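Read-outs throughout are calculated quantities, based only on the coordinates presented, and are distinct from any laboratory measurement. Given the structure is predicted, the values throughout are model-derived calculations rather than measurements. Every residue, glycine as well, gets a Cβ built from its backbone with ideal geometry; the counts of neighbours run over all protein chains shown.
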Amino acid sequence: MLGRFFAVSVAVSAISACIFGNTNEVANAVFAGSAEAVTLAVSMTGIVCLWSGALRVLDKCGVTSVIGRVLSPVVELIFPSARQSEEAREAVSCAAAVSFLGVGNASIPSGVRAMKSLSSLGRSGERDAVALAVLSSAPVQLFPSTLMAIRSAYTANAYDVLPAIWCCSVTTTVFGILLCRICARVSE
Amino acid sequence: MTAVGGYAVLAVMAAVSLAVLLSGDGMFSELISGVRSGISLIFRLLPTFIIVIVSTRMLLASGAVDVFSRAFSALFKHFGIPGEVTPIIFVRPISSSGAFSLLSALYENSGADGFSARLATVIVGSCDAMIFSLSLYFSSVGIKKTRYALPCAFLMFGFCVAVSVIICNMFFG
């Protein structure tokens, strides 16, 4: 997927750069983009490492299994293969809980762990891993922190959009779940 | 990171410190080795970051995105999407930082409490930079056959935009 996206977007940018005379800007974007990727990785290293550590400690002392038990009805409904393994159920529940809180890059370690444990469960697990990745492209967040920070700089009632965002993202997630089910059914 | 997010972060830190305090050195070395595993995770993700960010920055700089948004803005107006929101719709799936800077510009130019500012906020807030998050999750576990993931994510995004328009008209119209 990424390979094809990379090839198509580079080809499209090269052609349109020539048409619109933006060749210099695009060439600069190559250098600036690769530097930006490293800056991004470095800047998120701290929180990703810390959260990986916290996750492991919470695992060892049983907090994640409690979260897993509480969220299991929802998780098993959306990802049926999580019924097969307790580990997968806990990992996916944790990922869902963390992503729901809207803590940005801190959600990467738990998300990656959920992907790993789902994709190790054979065919049905892989299908659920694809669904998890798709759903993560439009996450339901209680409090989208970066967005609210930007909005607070411009208006006093920054939070008035939150109910609309919740309605919209919940509806989108339900649509996404159904869509993934249908695609899985058709592709098999 | 205010309100609930802040409390959640504090609760996690408190739980971790309590666990280390109660069970001693064993738990602390678990914490350290967990933190260390984060470094290898970042190393594994870095190549994906470079590829995704370079290709999306090239797309943005080439003017291709502007052409698409100009071509579609007349069509989108029929569905009640103001012209100044259209560029944000096209940038959102490929770049979070790009969408955020367009959003700040929109707040700056037409105020943060207008209909188009609110619509843009709802669109940006209810989906993520899909190319980035899909690549991140798939490359982290080495899945190469992503099957229907990208088309599904695109359809979901289109659905999200449509629902945002409906909901914003109901809430703020």
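Measure out, as a whole number of angstrom, how far apart the alpha-carbon centroids of the stretch A:2-32 and the stretch A:107-139 sit.
That distance is 31 Å.
Let me understand the stretch B:96-145 better: what is its radius of gyration from the alpha carbons, and its Dmax, in angstrom?
Using the Cα atoms of the stretch B:96-145, the pair Rg, Dmax is 14.9, 44 Å.
About its Cα centre, what dipole magnitude does chain B give when the only charges are +1 on Lys and Arg Cβ and -1 on Asp and Glu Cβ, stated in debye to the nearest 20?
For chain B, the charge dipole is close to 580 debye.
If a/c stays under 1.5 just call it rounded; otherwise compare a/b with b/c (prolate if a/b is bigger, oblate if not). Do that for the stretch A:40-188, with a ≥ b ≥ c from the square roots of the Cα gyration tensor eigenvalues.
Taking the square roots of the gyration eigenvalues as a ≥ b ≥ c, the stretch A:40-188 is oblate.
Relative contact order for chain A using alpha-carbon pairs under 8 Å, separation at least 6, rounded to a whole percent?
After rounding, I find 15 percent.
Give the shape of the stretch B:3-88 as rounded, prolate or oblate, defined through the alpha-carbon gyration tensor: a ≥ b ≥ c are the square roots of its eigenvalues, a/c under 1.5 means rounded, and otherwise the shape is prolate if a/b is larger than b/c and oblate if not.
Oblate, because a/c is 1.5 or more while a/b does not exceed b/c.
Helix-only mean residue ellipticity at 222 nm, chain B, DSSP H runs n ≥ 4 weighted -39,500 (n - 2.57), per residue, nearest 500. What is it?
After summing the helix terms and dividing by the residues of chain B, the value is -27500 deg cm²/dmol.
Within 10 Å of each Cβ in B:118-124, how many Cβ atoms from other chains are there, averaged over the peptide?
6
Starting at the first residue of the stretch B:13-28, write each ³J(HN,Hα) from the Karplus equation 6.51 cos²θ - 1.76 cosθ + 1.60 with θ = phi - 60°, in whole Hz, x for Gly and Pro.
Listing the rounded values in order: 4, 5, 4, 5, 5, 4, 4, 5, 5, 7, 10, x, 4, x, 5, 5 Hz.
In the neighborhood of A:T64, defined by Cβ-to-Cβ distances under 15 Å, what is the net charge if each Lys or Arg adds +1 and each Asp or Glu adds -1?
Its environment carries a net charge of +1.
Taking the Kirkwood radius as the inverse of the mean 1/r across Cα pairs, report the Rg/Rh of the protein assembly as shown.
Rg divided by Rh gives 0.97.
With the cut-off at 1.5 for a/c, could you classify the stretch B:47-114 from its C-alpha gyration tensor as rounded, prolate or oblate?
Cα axes put the stretch B:47-114 in the oblate bin.
For chain B, what does the equivalent ellipsoid look like in terms of its semi-axes, each the square root of 5 times an eigenvalue of the Cα gyration tensor, given largest first in whole Å?
Here the semi-axes work out to 37, 22, 14 Å.
Taking Cα centroids, how far is the stretch B:30-58 from the stretch B:59-79 in Å?
With the stretch B:30-58 and the stretch B:59-79 each reduced to a Cα centre, they are spaced 32 Å.
Provide the net charge surrounding A:E90, with neighbours chosen by a C-beta distance below 14 Å and charges set as Lys +1, Arg +1, Asp -1, Glu -1.
Net of charged neighbours comes to +3.
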